[in-house]
Amino acid sequence: MRQCRFLLLCFILLLMTSLLRAQPESQTSRKPELILDTDAAEGKDVVEKTTVKERNPEEAKKSITIGNFYLKRRNYAAAIQRYIDALEYQPDSVPAVKALAQAHEKNGDIAKAISAYKNFLEKNPDSSDAADLRRRLDKLEKKSR
């Protein structure tokens, strides 16, 4: 009788362990993951969006603020993406282009920082901050030599 109980108990344990192993992955316990608002925050390549964003200075300001957050935490890829988003919402945003160039520079890509200034100045040659941006551009060009 004892032997039957022991065998029955072993059978039940064996059945339970096989059921636990057969559980779908979604039901098993997993390590919690950090949720990030951009793929760039994880260093993944970000596919550029082909949709043209409507001019929205408020959204541009929000993107700059979030970009500044990432920049302070040295997450340059995420900051760069946010500044690019800001320029899509407001193409003539001087704070966004300055921040974008700064993020590229801190990321070690001076050529992209120079390109950011040049693109902005080509599109907005009459900007009230054009002289300041040209001065910054000259400084970066000297640094890159």
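Picking from residues in segment 89-126 that are in contact with a helix residue (DSSP H, G or I) (Cβ under 6 Å, 6 or more places away or on another chain) and either assigned to a loop (DSSP other than H, G, I, E, B) or touching a residue at least 60 places away in the same chain (Cβ under 8 Å) (or both), the one that is nearest to residue 78 (Cα to Cα) is 107. Residues of segment 70-83 being over 11 Å from the mean Cα position of the chain (by Cα) and part of a helix (DSSP H, G or I), which ones? Scanning segment 70-83 gives a single hit, 72. Within segment 127-145, if we keep just the residues that are surrounded by 11 or more Cβ atoms within 10 Å (Cβ to Cβ) and part of a loop (DSSP other than H, G, I, E, B), the residue that is modelled with the highest pLDDT turns out to be 129.
The values are calculated or read from the model by the stated rules, or taken from the named source; none is laboratory data. All figures in this text were calculated on a predicted structure; none of them were measured in a lab. In this analysis, Cβ positions are derived from the backbone assuming ideal geometry, glycine residues included, and neighbour counts consider all displayed protein chains.
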